[in-house]
1. I need the peptides 213-221, 277-285, 37-45, 100-108 ranked by packing, meaning the mean over residues of other C-beta atoms within 10 angstrom, with the highest value on top.
2. Expressed in nm to one decimal, what extension gain is obtained for the pair E68 and A53 from 0.36 nm per residue of sequence separation less their Cα-Cα distance?
3. Once the piece of chain linking L152 and L212 is laid out straight, how much longer is it, given 0.36 nm per residue of separation minus the C-alpha distance between them?
4. Gain in length, T248 to V328, computed as 0.36 nm per residue apart minus the alpha-carbon separation, to one decimal in nm?
5. Please list, in order along segment 233-238, the HN-Hα scalar couplings obtained from phi with the Karplus expression 6.51 cos²θ - 1.76 cosθ + 1.60 (θ = phi - 60°), rounded to whole Hz, x for Gly and Pro.
6. Counting only protein heavy atoms, what percent of the accessible surface of segment 202-323 is carbon or sulfur at a 1.4 Å probe?
7. What percent do you get for the relative contact order of segment 182-261 when only Cα pairs under 8 Å and 6+ apart count?
8. Counting only heavy atoms of protein chains, what accessible area per residue, in Å², does segment 97-176 have with a probe of 1.4 Å?
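The values are calculated or read from the model by the stated rules, or taken from the named source; none is laboratory data. Quick caveat: nothing in here was measured; it's all calculated off a predicted structure. Cβ placement follows ideal geometry from the backbone for every residue including glycine, while neighbour counts extend to all protein chains displayed. SASA here: full protein model, heavy atoms, side chains in, ligands and nucleic acids out. Shrake-Rupley method; radii C 1.70, N 1.55, O 1.52, S 1.80 Å.
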Amino acid sequence: MHKPHADSSGPSVHGAGSGSASDLAEVEARLRDVVRAEKRLEARERELAESSAAMARELRETAERLREREAEAASTRSIPTRLQDRRRRLARVRAVLRDRASKLQRYEVVLEDRAREADQVLAQRREVAQAAAAIKVKHDKLVALQARNKTLSSSFFAVAAIAILGVLSFAVADHIAPATYAAAAEIQVDARGRALSADEIDEWQRYIEGLLTDPGLLEIAADRMKKRGIISLGRAADLRVALDSSLTSASPAPGRLTLEYVGEGSGATQRVLDTYLVALISQSNATKNQRAGGSGSRVAQDAAVSGPAIEDQRMTYAAGIGGGATTVAALIGWTIYTRLRKQQNDFERGVID
C-alpha cells in the first residue's frame, strides 16, 4: 500500500500577528494527528496482513491433510477407532478454522474501515496543505505590509530624533556660547513745547554725556538690573566695567544721543540696554530743574537689537554637540534593536521547533 509522506515542517508563520500564529498552530497540530493516524493504520495493516497470511497457510495445510486422511479412510473398508477419534479431532479443527475464517472476514471489514479512515486522513491532509498555503499567502502580505510600515515609521522617527537633537543641540550651544548682538537706543532733549537755544542744547548734551558713567546713575541702574534678574550687573562696579567695554554713544545731531550696547544674547542685550536707558532718563529728568534751561530727556527710539549677530559660534557648537549626540543615540538604538531582534529570533525558533 502506498503510504503518504507527512511533511511535519510545514510553512512557518511567525511575527504575523495573533490571528495567523493561532491558525498555523492549529494546522500543525492537525498535521501531527494525521501522521500519527497513518502510522497506527500502517502497523495494524501489517499485523492483519501477517495474521491473514499465517491463517491462510494453516488452512491450506489443514485442508490438504484432511483430504489425505479422507482418501486413506475411503481406501479402507473398515475404519479403526483411532481414525474415528482423528475424525472427531479434525471436525473440531474445522470448527476452529471456520471460526478463524469468520474472524478474518471481520478483520477484512475492519481493514475496509481503516482504508476509509486513511482516505479521510488524506483528504484532511490536503485541506491542511491548502490552509497552510492560504496562511502563508496572508503571512507574506502581512510581512510586506509590516515591513513597509516599519520603514515609514523608522524613517519618521529617525528624522524626528535628528530634528529634536538638532533643536536641543542649538539650545545647549546658545547657552554655552551665545551669539553677540548689538542693541541700540536713542534719546533726545525734551523742550516741553518751547524753543531751546543752542546753548541750552549744548548744556543738555554735555550733561547727558557726563551722566552716562555717573556713580549715582550706576547705583540706580545696578539696582534696576538686580530687580530685573540681571544678577551679573547687579553691582555698580560690575555695571561700570560692562559699560566701559560694551557701551558706546554718538550724537547724530544736536539734542540727540544714540547709545549702542554689545552683549551676549539678543534678549539679554536688549534688556540690559533698556534697563540702563530707563535709569538714565529717570535720573536726567530728576535733575532737570538744577540745570540751565531746565530741559529734560525723553526716549526717541526704544532699545532694540539692530541687525543680525555680530559674532555667532552657535552653529559650530551645535554641529559638534548634535553630531556627538546623534552618534551616541545611534549606538544606543542599534544596541537595543540588536537585542530585541535576537530575542525575537530566539522566540520564533522556540515556537517553530
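1. Result, highest mean first: 277-285, 213-221, 37-45, 100-108.
2. Separation in residues times 0.36 nm, less the Cα-Cα distance, equals 3.1 nm.
3. 15.4 nm
4. Gain on extension, T248 to V328, equals 24.3 nm.
5. Result, ordered by residue: 10, x, 10, 4, 5, 5 Hz.
6. 50
7. Across segment 182-261, relative contact order equals 43 percent.
8. Value returned for segment 97-176: 73 Å² of accessible area per residue.
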